[in-house]
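S.K.: Dropping a structure here in structure tokens format, bear with me for questions.
Laboratory data are not the source of any read-out in this text; all were calculated from the coordinates shown. Computed from a predicted structure; not experimentally measured. All Cβ positions, even for glycine, are placed from backbone atoms using ideal geometry, and neighbour counts span all protein chains on display.
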Amino acid sequence: MSIPFGGYASPEQIMRDRAEYARKGIARGRSVVVMQYADGILFVAPNPSKALHKISEIYDRIGFAAVGRYNEFEMLRLAGIRYADTYGYTFNRSDVTGRGLANLYAQQLGMIFTDSIKSYEVEIVVAEVGDGPEEDQIFRLTFDGSVFDEQGMAVIGGQAEAVAGRLKERYREGLPLRQALDAALAALTEPGGDRPPAAQLEVAVLDRGREHRKFLRLTSSRLERLLEAPAQETAAEAPAEGAEGVEDTTPPAAPPGPPTAPEGDIDTGSAG
């Protein structure tokens, strides 16, 4: 049986085709934001799934975020955990670093991109929280194994350039967690669009104030309180009633009546 000859393609053309294929796959997903805040590093990703996580813990001080094909970046995550556990057990837990993990991923992704017929459709972030903000590290890795040492924040997947542009307008060093989360959500939301509810968000932090394991996933009521806080703070910043230059239109209070118990019955003051 003869095999039809498909013609010659230069190595440059093959690499361009693989890169274009990977970029298209990554762009179909929604972006993930990783940024520093006052007490550590914040991860935010729109993700309605409760089982398939884009954000995970790798080791004591190290977090992982990814976009693209789930099965591919899940294999990378597991490989990173095995490397960290083995290296930390053989030597010392403090010897496991975000830089070392980023180098491992860069080698794996570069080898796959060069030697495999199909490149991985993934983009990942490895972040390590330090004892102070100046020791925090955020590494962004692309499908071909390229490593970028980001300063303060990183955006991957989807419309990364547009999201990064909106985030830069709001980002500043030392933001409290509530304001950092608000800035990340504003960047992830298209102009004129509605922000995703808490049930459709995946949010986690590397909190430098925690003992031993720094990774903490924010879920349910705590996340909802953080999402409500910016609106409450905005209301609190409004001019107070009766302040200078502001007309006080509040009607006079009615004379106080008898005190009431919690159920609404009149409280006579007797012990019952």
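S.K.: Calculated FRET efficiency, Arg93 and Asp115, Cβ-Cβ r, R0 35 Å, to nearest 0.05?
M.R.: Step by step, r from the Cβ atoms, then E = 0.60.
S.K.: Is the stretch 29-225 rounded, prolate or oblate when judged by the Cα gyration tensor, a ≥ b ≥ c being the square roots of its eigenvalues, rounded requiring a/c under 1.5 and prolate requiring a/b larger than b/c?
M.R.: Oblate is the answer for the stretch 29-225, as a/c is 1.5 or above yet b/c matches or exceeds a/b.
S.K.: I would also like to ask the following. What distance in nm lies between label points placed 7 Å from Cα along the C-beta direction at Ala51 and Ala38?
M.R.: About 4.0 nm separates the two model spin labels.
S.K.: Another question, if that's okay. Report relative contact order for the stretch 29-225 in percent, whole number only (criteria: Cα-Cα under 8 Å, sequence separation at least 6).
M.R.: It comes to 32 percent, rounded to a whole number.
S.K.: Here is a further query. For Glu224 and Asp194, calculate 0.36 nm times their separation in residues minus their Cα-Cα distance, and state this gained length in nm to one decimal.
M.R.: Full extension of this stretch gives 9.2 nm more.
S.K.: Where a Cα-Cα gap under 22 Å defines reach, which lysines qualify for Lys50, not counting those fewer than 8 residues away within the same chain?
M.R.: The qualifying lysines are Lys214.
S.K.: If you don't mind, there's one more thing I want to ask. Ranking request for peptides 36-45, 68-77: highest mean number of other beta-carbon atoms within 10 Å first, then the rest in descending order. Present the calculation step by step, with values, prior to reporting the outcome.
M.R.: Working: 36-45: 24.0, 68-77: 17.7.
The peptides rank, most packed first, as 36-45, 68-77.
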